[in-house]
Each structure stands twice: as C-alpha cells, then as structure tokens.
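The values are calculated or read from the model by the stated rules, or taken from the named source; none is laboratory data. Keep in mind the model is a prediction, meaning the values are calculated, not measured. Cβ: placed from backbone, ideal geometry, glycine included. Neighbour counts: every protein chain shown. Accessible surface areas use protein heavy atoms only, side chains included; no ligands, DNA or RNA. Shrake-Rupley method; radii C 1.70, N 1.55, O 1.52, S 1.80 Å.
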Amino acid sequence: MKKALIIGAAGFAGRYLIRHLHEDCHMEVAATKLANEQLDGLPVEAHNLDILNKDDIIELLFAVRPDYIFHLAAQSSVSVAWNNPQLTIDINIKGGVNVLDAVRELYYKPRILMIGSGEEYGHILPGETPILENNRLNPGNIYAATKACQNMIGSIYSKAYDMEVVLVRAFNHIGPEQSSIFVVSDFCRQVAEIEMGLREPVMYVGNLSAKRDFTDVRDVVRAYALLAQYGEKGETYNVGRGKAVEIREILDKIIAFSDCEIKVEIDPAKIRPVDVPIIEADITKLRQATGWQAEISLEKTIEEVLNYWRERTDKG
C-alpha cells in the first residue's frame, strides 16, 4: 500500500484530502499539524510539526517514508497577508524551502506536490483569459508574491537536484467547513445568522465586481491526488473549474437560497488594498495529464456551505 504524507493537513483542504486519499485512493495517510490543531476522527497518523524547523521535518520524513508528499502548509489568507507580511513570507517561502531541503536528505525520491495559487498571475492583460501556466506572473498582493516565489524555487529544485516535484496553482476552492474569512463562507455565515435573527437583515460585503474561478474542494483534492501520481516533474498545473464568476453572482445565488429579505451594503474594511479584476484558469494541461474535470456544480456547493453554517448557527 502506498503511503502519503500531508504537510499542513489541519486546514480546509487538508481534511478533505485525508479522506480522499484514504477512502478513494486506498493509501495509508500520515499528516502534520501544529500542536494546537486537531485531526480527531480522521483516518490518519497525525504528527505535530513546525515547518520552520527543518531538522524536525527530516526526522519525520525518515520515520514516515512517504511515497507521496502533499505540501499544503501555508498562510493562505490574502487579508492576513496584508496585515502580517512577515508571517506569510516565513511560512510560505522559508517553510517551503525547508520541506524541499529535507526531502533532499532522503535516500529515495518521493513525489512532492507543492500547492500554489491562481493569485500568482495577478493583474491579467486583455486577451490573457483564461490564463495559461506559462503566462507571465504579476502578483497583486503579498500572499500571491510568496506563492510565486515558492513555485519558482520548487521548479529550480526539481531540475537542479533531479527531484520529483510537481507544482500546482490552485484557484479559489470552496465547500463546507471553510473559514468565514473567505468570501463564500463569509456570505453564507451572514445569511445563516440573519435567518436565525442573530443580526439585522443586512449583509456587509467587499468588492462585488471581481471575478474568480471557484471549484468545490472535493473536486480540488481529486486533482491533487491525480497530479501527485501522474503530473510531470518540474511542471506547473492550474487547478480550477475553468470559468470565472463575478462575486456579485455568487452573492445573488446565496441570497436566493434564503426566504429572508436581505439588504446589501459595502463594508470598507472588506475592501482589499489592491484587488485583481479577474482570475480564470485554463485547465487544458491538467485535463491532458490526468483526465480530471469538475464534477460538483457551483450551486450545489453554495447550498451545502449555507446549510453547514445554518447547522453551526443553530447549535450556537
């Protein structure tokens, strides 16, 4: 049985990836988390790990001996990155280099999937949408810049040290259990609280004109597993639905699932200092390498996220 190690598994995508690798890919799964995080109830061998400590990573790799490594550990919030650039740089760049250097210490070559972001492309010129993996990078925020740096370093390591590194630029993924610091989950939480009478029937939102490529997290982790197995080393693959949707349309879909009369107001605190107008993936390369395509509709995901927050709100 193949063994997978997920670094940074306590986050949103990590929990779904654990279930997918165990239940659908029939892999033995080990995973790392921070000391204050929990992975209870999941079919996983859990380890505490700080990726800023390279020696601890080396020790863990020799103990686990994974066939596949999924590097998910990241500071992934754009808003947090604006407020704490140093933390974002430390985790996303220094932490990623520590993982790569630790793998170099092994006596064999596991496959490594390093997760980046569609935000790396930044401000896209007219005619560049949907965007290809070889497009120039023009990050529009600090988080995106750190992920672009991680991608370039991963590519260099793959070539210079003959490592089995596959690189991903993941576009917006959504689903139940996602933190409400992200837009779809935030909107759904607000609607659930309005329905329960916990707040006035007013939704506070940021920029509604931005267009993003949203994919259900369960489809995303399927793509991760396929790329870890079949992606070409040193190559970067977009992972997304392949269609950008305006945030305003997302908001309208969420409100349509509710019977409440809801007013929408702009909250200046939710407006980013710099926002990219449109991010949409060309996923031809992913499909050619793996045969992957999104299976879960945007409407179904939104309804499930809203129901998740309704249940949480009902339980207090």
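The gain in end-to-end length when the V245 to S179 segment is fully stretched comes to 21.7 nm, 0.36 nm per residue minus the alpha carbon separation. Think of each Lys and Arg Cβ as +1 and each Asp and Glu Cβ as -1; about the Cα centre, that makes the dipole of region 1-146 roughly 220 debye. Summed over the residues of the chain and divided among them, the accessible surface reaches 44 Å² per residue at a probe radius of 1.4 Å.
If a spin label sat at a point 7 angstrom from the Cα of E200 along the line to its beta carbon, the backbone N atoms of region 240-262 nearer than 16 Å would be those of 261-262. Take every pair of alpha-carbon atoms less than 8 Å apart whose residues are at least six positions apart; their mean separation over the length of region 143-300 yields a relative contact order of 32 percent. Amide H neighbours of G122 under 5 Å, counting only residues 5+ apart in sequence or on other chains, H built in-plane at 1.01 Å? Sorted by chain and number, the residues that satisfy this are N138, G140. Compute the long axis of helix 142-160 from its Cα atoms, compare it with the longest principal axis of the Cα atoms of the chain, and write down the angle in degrees, 0 to 90, nearest 10. Between helix and principal axis, roughly 20 degrees. For A170, the amide hydrogen comes within under 5 Å of the amide hydrogens of G116, S117, G118, V239, counting only partners 5 or more places away or on other chains and with H modelled in the peptide plane. Each Cα pair under 8 Å and six or more residues apart adds its separation to the average, and for the chain the resulting relative contact order is 18 percent.
The label-point distance for K2 and E105, in a model that sets each label 7 Å from Cα toward Cβ, rounds to 2.6 nm. Counting only Cα atoms, the size of region 162-316 along its three principal axes is 57, 34, 23 Å, in decreasing order. The amide H of A281, built 1.01 Å from its N in the peptide plane, has I131, G242, K243 as neighbours under 5 Å, considering only residues 5 or more places off or on other chains. With a cut-off of 10 Å between beta carbons, the residues surrounding D219 carry a summed charge of +1, where Lys and Arg count +1 and Asp and Glu -1. Ligands, DNA and RNA left out, the 1.4 Å accessible surface of the chain is 49% carbon and sulfur atoms. Among the listed values (i) 62, 46, 38; (ii) 62, 53, 37; (iii) 67, 46, 31, the one computed from these coordinates for Cα extents along the principal axes in Å is (i). Would you be so kind as to identify which of I271, M27, L306 lies farthest towards the positive end of the dipole of the chain, taking Lys and Arg as +1 and Asp and Glu as -1 on Cβ and the Cα centre as origin? The residue sitting farthest along the positive end of the dipole is M27. DSSP bridge analysis restricted to the chain gives an antiparallel fraction near 5%, rounded to the nearest 5. Annotation for region 121-135 versus region 218-249: alpha-carbon center distance of 16 Å.
Work through the residues other than L42 whose Cβ is under 9 Å from its Cβ and net out their charges, Lys, Arg +1 and Asp, Glu -1. With Lys, Arg at +1 and Asp, Glu at -1, the net is +1.
Rounded to the nearest 500, the 222 nm mean residue ellipticity of the chain from helices alone is -12000 deg cm²/dmol, with -39,500 (n - 2.57) taken per DSSP H run of at least 4 residues.
Mean projected area of the Cα convex hull of region 1-153, taken over all directions, amounts to 9.9 nm². Once the C-beta distance of R312 and D40 is scaled by a Förster radius of 22 Å, the resulting FRET efficiency is 0.80 to the nearest 0.05.
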